[in-house]
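**Q** This is the structure I want to talk about, given as C-alpha cells.
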Amino acid sequence: MKRREATAKQVFTLATRNQHKVREMAELLPGVDLRPLPDEVPSPPETGDSFEANALIKARSAHEATGEATIADDSGIEAAALGGAPGIYSARYAGEGAGDEANLEKLLREVDAAGMDRRAAYVCAIVLIDEGGHEYVFEGRCEGTLLEEGRGSGGFGYDPAFVPDDRDDDRTLAELDPADKDAISHRGRAARALLAWLPG
C-alpha cells in the first residue's frame, strides 16, 4: 500500500467521544495526535453489515462534519458456533444499553447451547480518511477459544472468557497486562498496520 507524503504533524479526529477508546488508541498510535469527535458532531447510526462498513460510516460522518483527517474503528467478537455472531452487534448483544457482563453471559450461554465448538475471533477494522477524502482500511484479527466462564479483571467486553492462540499459557485477555494484550489484540494489529503505513 502506498504511504502518504510526510507532513509536519499528524493530527487526526478520532470518530468517538469515548475517552477510554481515545486513550487506548493514543497508546496504540504513538506519535499521532488524536482529537476526540467534537461535541456538536452527531454520531451516525451504525447501519453497516460488517466492521469495515460501520467504521467507514463513522469516519465519513466525522470527516464530512470537520473537514479534517479522520480515524474510526469498529470491532467485535465472532463465535464459530454461532455462525459469526455476535459480530457487529457485540457491543449490544444482550440489548441496547446492556453492559459487558450481560453481553458476555449471553454469548457463553448461547455457545454452550450450540455444542462443542468454542472457537472465536476478535476482529477490528480501522478506517483512515485523509484531508483529501481518500479512504484506507486496516484490519486485525485475534484468534482464540472461549472458556465456559470468565477469568480476570482487566480488559473489557468479552476479554474475561477469551484465551488467545498467540500465548503459550491459558491466560485470558483479561488476565494479561495491557502491553501483552496490545501485542496480540485485534485492535493492536490493525493499529500497527495503520502506523506502519503512516510516514515516519
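All of the numbers you see were taken from the coordinates with simple rules; none came from a lab. Treat the numbers as computed from the prediction; the structure is a model and nothing was measured. All Cβ positions, even for glycine, are placed from backbone atoms using ideal geometry, and neighbour counts span all protein chains on display.
**Q** Over all distinct Cα pairs, what is the inverse of the mean 1/r for the chain, reported as the Kirkwood hydrodynamic radius in Å? Walk me through the numbers before you get to the answer.
**A** Details: mean 1/r = 0.0573 Å⁻¹.
Averaging 1/r across every pair of different Cα atoms and inverting gives 17.4 Å.
**Q** Report the antiparallel proportion of the DSSP beta bridges in the chain as a percent, rounded to a multiple of 5.
**A** Close to 80 percent.
**Q** Report the chymotrypsin sites (Phe, Trp or Tyr not before Pro) located in the stretch 155-200 that are in a DSSP loop and have at most 14 other Cβ atoms inside 10 Å of their Cβ, or state none. Each step should come with its number before you reach the end.
**A** Numbers: sites: F156, Y158, F162, W197; in loops: F156, Y158.
The qualifying sites are F156.
**Q** Of the residues A121, A26, A59, which exhibits the maximal mean-square fluctuation in a Gaussian network model of the chain defined by a 10 Å Cα contact cut-off?
**A** Answer for the Gaussian network model of the chain: A26.
**Q** If we restrict to alpha carbons, what Rg and Dmax does the stretch 54-101 come to, in Å?
**A** 14.0, 42
**Q** Can you work out the Karplus-derived ³J(HN,Hα) for every residue in the stretch 47-56? Use 6.51 cos²θ - 1.76 cosθ + 1.60 with θ = phi - 60°, whole Hz, and x for glycine or proline.
**A** Couplings: 9, x, 9, 7, 5, 4, 4, 5, 5, 5 Hz.
**Q** While we're on this one: Quick one: among N54, N103, N18, which has the greatest mean-square fluctuation in a GNM of the chain with alpha-carbon springs under 10 angstrom?
**A** N18
**Q** Report, to the nearest 10°, how far helix 19-28 tilts away from the longest principal axis of the Cα atoms in the chain, using its own Cα long axis and a range of 0 to 90°.
**A** The angle comes out near 80 degrees.
**Q** If one computes the Cα centroid of the stretch 104-130 and of the stretch 9-25, what distance in Å separates the two points?
**A** Their Cα centres are 24 Å away from one another.
**Q** I need the Kirkwood Rh of the stretch 13-77: take the reciprocal of the average 1/r across all distinct C-alpha pairs and report it in angstrom.
**A** Working: mean 1/r = 0.0831 Å⁻¹.
Answer for the stretch 13-77: a Kirkwood hydrodynamic radius of 12.0 Å.
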